[in-house]
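The next block holds one structure in the form of structure tokens; read it before the comments.
The values are calculated or read from the model by the stated rules, or taken from the named source; none is laboratory data. Bear in mind the structure is a predicted one, so any value in this text is a computation, not a measurement. FYI the Cβ positions are ideal-geometry reconstructions off the backbone, even for glycines, and counts take in every protein chain you see. In case anyone asks, the SASA skips ligands and DNA or RNA and just uses the protein heavy atoms, side chains included. Shrake-Rupley method; radii C 1.70, N 1.55, O 1.52, S 1.80 Å.
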Amino acid sequence: MTTDDASTPMTSPQTSPHSEERPRISQRVGAIEPSATLAVDATAKALKAAGRPVIGFGAGEPDFPTPSHIVDAAVEAAQDPRNHRYSATAGLPELKQALAASVAATTGLEIDPAQVLVTNGGKQAVFQAFATLLDPGDEVLLPAPYWTTYPEAIRQAGATEVPVLAGVDQGYVPTVEQLEAARTERTRALVLCSPSNPTGAVLTPEQVAAIGRWALEHGIWVVTDEIYQSLTYDGMPFTSVLKAVPELAGTTVVLGGVAKSFAMTGWRVGWMVGPADVIKAASNLQSHLTSHVNNIAQRAALAAVTGPTGPVEEMREAFDRRRRLIVEKLSQVEGFTVPTPTGAFYVFPDVSGVLGREIRGRAVTTSTDLATVILEEAEVAAVPGEAFGAPGHLRFSYALNDDDIVEGIDRVIALLAP
Ligand code: PMP
């Protein structure tokens, strides 16, 4: 439906013709919040389309093209009739084998290809992991700030998220004491995301080990999202919870994907790796939902995970340079507290020092207000912390070029100068 389609009513009736009370949309789906990150991106794009010089720090995707050897593998795959047909739901055997080897390398565990399920992006892996592990009434400990999709996926599984907030003063990393204080007899799982979207925080090996041992002790499942594993800086090592606590192998699901490391957001290949019974059950779900992932994209993903690491390292170095640049620039904004992230491609300043002020005649009390003023007055897009369970913050993605980073943050500095 378009806004200028006069023959179609723009607002739908709230109830179906058969019932005055019954909403037209199911409770489960009607309760889903639109993605705030996509909303910011959409507003920024609309302003850009209207000719405004918006600089977007909202999108969570690399700005590089996919490395050419990966694209070449896809072109070749598209010409091979074997890839024109249905294949196995759980993924191409070669790709499952390669992913099993990759997880084995990061964890030191033996991983069988039967423990791997290839999904349509990391997002499908997130949904299927929760759908497979959770029952109504279950609680999931969710360290906040968290990536905006987790609570929705947890709720779609009928369970409840229990946010555990760790602020800038603790580097956005929750302590075992905080997790323990939030644990109840209903606690079924814990989410880990290191390197983190939205904070860029990376857990140290000691922190991973402490949290992992605590989860093991209490029989809590760990859902560990390792999609940013190749993007760490300042010599910070990536530590998989399965490497730190191998005894968790029976109660951990590892999530990953090619999107962030290989600049492949549009290709839609992710995975979940876990105990064979969980993977088999999730695969049954996927068989009725989306079947296998596009064979050509799977062949491209195979080239990515088995190919040369040079292009990945080059992109990581570019992100590292931009990270240092944006932290230096954001630190000049009066009222922002800017921790230096050591992973992913996000910075997450605490902006509470700016709130409560009037900016260009507008009262700014929340980080959502601030994001709106920055977008409308400085034409800079950033995502408000409310989207990540952490009001009082903004998320800036630095997956854009150096000149835009400087220009964009200079505008914010000028706008917020007291
Ligand atoms: N996990 C995290 C933490 C993410 O930030 C994202 C992308 N924003 C994903 C998973 C999903 O990525 P995709 O579906 O594009 O593979």
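Listed values, structure above:
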item	result
Candidate set: the range 253-265, residues that are assigned to a strand (DSSP E or B) and within 15 Å of the chain's Cα centre (by Cα); chosen: the one nearest to the ligand (Cβ to nearest atom)	GLY257
Out of GLY108, GLY121, sole residue that is away from the ligand (no atom under 16 Å from the Cβ) and assigned by TED's automatic domain parsing to the domain that holds ASN294	GLY108
Subset tally (residues that are within 16 Å of the chain's Cα centre (by Cα) and either more than 14 Å from the ligand (Cβ to nearest atom) or of a type in the set (Val, Ile, Thr) (or both)) for the range 40-62	2
Answer residue from the range 266-280, given it is in a helix (DSSP H, G or I) and surrounded by 18 or more Cβ atoms within 10 Å (Cβ to Cβ) and is nearest to the ligand (Cβ to nearest atom) among those	TRP267
Test: residue in the range 111-134 that is at pLDDT 95 or above, under 17 Å from MET264 (Cβ atoms) and open to solvent by 50 Å² or more (accessible area, probe 1.4 Å)	yes
Members of the range 175-188 found to be surrounded by fewer than 17 Cβ atoms within 10 Å (Cβ to Cβ) and either under 21 Å from TRP147 (Cα atoms) or within 16 Å of the ligand (Cβ to nearest atom) (or both), listed by number	THR175, VAL176, GLN178
Verdict on LEU141 being free of Cβ contacts under 8 Å to residues at least 60 places away in the same chain, away from the ligand (no atom under 16 Å from the Cβ) and open to solvent by less than 20 Å² (accessible area, probe 1.4 Å)	no
Filtered residue count, the range 189-241, keeping only those that are crowded, with 24+ Cβ neighbours inside 10 Å, over 27 Å from GLU61 (Cβ atoms) and out of contact with any strand residue (DSSP E or B) (no Cβ under 6 Å at 6 or more places or on another chain)	2
Where ALA166 falls short, out of the listed (1) in contact (Cβ under 8 Å) with a residue 24 or more places away in the chain; (2) at negative phi	(1)
Residues satisfying the stated conditions in the range 387-401, i.e. modelled with pLDDT of 95 or more and assigned to a helix (DSSP H, G or I)	PHE388
Residue check, VAL293 open to solvent by less than 10 Å² (accessible area, probe 1.4 Å) and within 19 Å of the chain's Cα centre (by Cα)	no
Residue list for the range 30-39, restricted to those being surrounded by 11 or more Cβ atoms within 10 Å (Cβ to Cβ) and either over 15 Å from the mean Cα position of the chain (by Cα) or among the hydroxyl-bearing types (Ser, Thr, Tyr) (or both)	ALA31, ILE32, GLU33, SER35, THR37, ALA39
Close pairs from the range 92-106: first touching a residue at least 12 places away in the same chain (Cβ under 8 Å), partner among the basic types (Lys, Arg) and in a helix (DSSP H, G or I), Cβ under 9 Å, at least 6 apart	LEU92/ARG299; GLU94/ARG299; LEU95/ARG299; THR106/LYS243
GLU152 open to solvent by 20 Å² or more (accessible area, probe 1.4 Å), within 15 Å of the ligand (Cβ to nearest atom), assigned to a helix (DSSP H, G or I) and under 24 Å from GLY274 (Cα atoms)	yes
